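Notes follow once the structure below has been shown.
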Amino acid sequence: MADFSVSVRRGEIEVTVHAGSVDEAITSLGDLKRVLEAAEAELRPKAPEAVATSFKRRGRSEAVIAQEVIESHLLPSGCFSAPRSTAEVRDEIQRVTGLRLQSRKVSQALGNLYKKGLLRRIGSRGDYRYVAV
């Protein structure tokens, strides 16, 4: 009897289903998708509610908020394992926190983290990409 396996990989998550027949493998695809989505949801960094509310109440600058989110969520999650542009970082901050920050403020935060030695810069001025040290 033949053994069939179907694997799906997204990022660092890989889910595999083993089946005894092609039909069984095909009918298991829905379960495979649900397991993959559940694993992604569980591993996804949670949105820091305190950052969003403190931004409105205390009037902290967007650059400070961007820097805190990058240091506390994006760096530990491996977001900077590949070079990232300011726009990519800005989009990731929005995904994590729900805040749409100004590009120049995110760029300022990335520059501060570069000066602190937490990030490296690749490229030329106006086209920098940032990667973890």
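The values are calculated or read from the model by the stated rules, or taken from the named source; none is laboratory data. Nothing here was measured: the structure is a model prediction, and the numbers come from that model. Here the Cβ is made from the backbone with ideal geometry for all residues, glycine too, and neighbour counts use every protein chain on show. Only protein heavy atoms, including side chains, enter the accessible area calculation; ligands, DNA and RNA are left aside. Shrake-Rupley method; radii C 1.70, N 1.55, O 1.52, S 1.80 Å.
Tabulated data for the structure shown
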{"item": "Over the chain, relative contact order from alpha-carbon pairs under 8 Å, at least 6 apart, %", "result": "19 percent"}
{"item": "Given charges at Cβ of Lys, Arg, Asp, Glu: the chain dipole, positive-most of Thr86, Gly98, Phe4", "result": "Thr86"}
{"item": "The stretch 67-115 - charge dipole about Cα centre, Lys and Arg +1 at Cβ, Asp and Glu -1, debye rounded to 20", "result": "180 debye"}
{"item": "Area of Glu62 that stays accessible when all protein chains are in place (1.4 Å probe, Å², to 10)", "result": "40 Å²"}
{"item": "Full-stretch length increase - Glu88, Leu43 - with 0.36 nm per residue and alpha-carbon distance subtracted", "result": "14.2 nm"}
{"item": "Among 34-40, 67-73, 113-119, the order from most to least packed when residues are scored by Cβ within 10 Å on average", "result": "67-73, 113-119, 34-40"}
{"item": "222 nm mean residue ellipticity, helices alone, for the chain (DSSP H n ≥ 4; -39,500 (n - 2.57); rounded to 500)", "result": "-14500 deg cm²/dmol"}
{"item": "Within the stretch 107-133, backbone nitrogen closer than 18 Å to the virtual label 7 Å beyond the Cα of Ser81 toward Cβ", "result": "119-120, 130-133"}
